[in-house]
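Asks: Below are the structure tokens for one structure; questions will follow.
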Amino acid sequence: MAVEAVSAGAILFRDTRGRREYLLLKSRPGDWEFPKGGVEGNEELQQTAIREVKEEAGIDDFRLIDGFREDYSYVFEANGTTIHKTVHLFIARSFEASAELSTEHRDLQWRDYEQAINTITQDGPREIFERAHDFLDELAARNEGEHKYLK
């Protein structure tokens, strides 16, 4: 019997001189991923995503973008127990230029879209990242290039 686990996190981006860059964290096993972690207590998924960005990236000044939430699932073994994990990802805009490496990760990098899509190591997060990038492009186009999502 598998144990169910739920995590939430955010595809975090910043605007650097008109260029969108995304934050990737290198986990201890070596996967490149987004800030994410397990839901604690009675947290809502968005509350978990906010807490995880603060804990794992050291960023306090950011905002979740309305209208985007996607999830992926995977199964793994831990201490002889099969765990079925579902991860819910939001999009967040960082207003800080840098991030801090947490003890949970080996490295962090801000990457443009092409670099990020080629760095993300798992299919589920990579596919959601592609849709998130398209979502932000469409949002910017709807707002006639004013990048209202960035403010």
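Asks: I'm trying to understand the selection: among the residues of region 73-126, which are of a type in the set (Phe, Trp, Tyr) and in contact (Cβ under 8 Å) with a residue 24 or more places away in the chain?
Replies: Answer for region 73-126, where residues must be of a type in the set (Phe, Trp, Tyr) and in contact (Cβ under 8 Å) with a residue 24 or more places away in the chain: Tyr74, Phe90, Phe95, Trp110, Tyr113.
Asks: Here is a follow-up. Go through region 1-24 and report how many residues are within 12 Å of the chain's Cα centre (by Cα), aliphatic (A, V, I, L, M) and over 16 Å from Gly124 (Cβ atoms).
Replies: The initial filter retains those residues of region 1-24 that are within 12 Å of the chain's Cα centre (by Cα), namely 7-13, 22-24.
If we keep only those that are aliphatic (A, V, I, L, M) too, we end up with 8, 10-12, 23-24.
Cutting the leftovers down to over 16 Å from Gly124 (Cβ atoms) gives us 12, 23.
Total satisfying the criteria: 2.
Asks: On the basis of being among the small types (Gly, Ala, Ser) and more than 23 Å from Gln115 (Cα to Cα), does Ser73 make the cut?
Replies: yes
Asks: Which members of region 56-77 meet the condition of being hydroxyl-bearing (Ser, Thr, Tyr) and surrounded by 14 or more Cβ atoms within 10 Å (Cβ to Cβ)?
Replies: The answer is Tyr72, and nothing else.
Asks: Any chance region 78-86 includes a residue that's surrounded by 11 or more Cβ atoms within 10 Å (Cβ to Cβ) and in contact with a helix residue (DSSP H, G or I) (Cβ under 8 Å, 6 or more places away or on another chain)?
Replies: Checking region 78-86: not a single residue is surrounded by 11 or more Cβ atoms within 10 Å (Cβ to Cβ) and in contact with a helix residue (DSSP H, G or I) (Cβ under 8 Å, 6 or more places away or on another chain).
Asks: Would you point out which residue out of Glu114, Glu130, Glu96 is at pLDDT below 95 and not polar (S, T, N, Q)?
Replies: Exactly one residue qualifies, and that residue is Glu96.
Quick grid of which residues meet (1) touching a Ser or Thr at 6+ places or on another chain (Cβ under 9 Å); (2) not hydrophobic (A, V, I, L, M, F, W, C):
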site	(1), (2)
Met1	yes, no
Ala5	yes, no
Arg20	no, yes
Pro35	yes, yes
Lys54	no, yes
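Quick grid of which residues meet (1) aliphatic (A, V, I, L, M); (2) modelled with pLDDT of 95 or more; (3) on the phi < 0 side of the Ramachandran plot:
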residue	(1), (2), (3)
Leu25	yes, yes, yes
Phe34	no, yes, yes
Ala49	yes, yes, yes
Phe76	no, no, yes
Gly80	no, no, no
Leu89	yes, yes, yes
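The values are calculated or read from the model by the stated rules, or taken from the named source; none is laboratory data. Predicted, not measured: the structure shown is a model, and the values here were computed from it. Note that each Cβ is placed from the backbone with ideal geometry, even for glycine, and that neighbours are counted across all protein chains shown.
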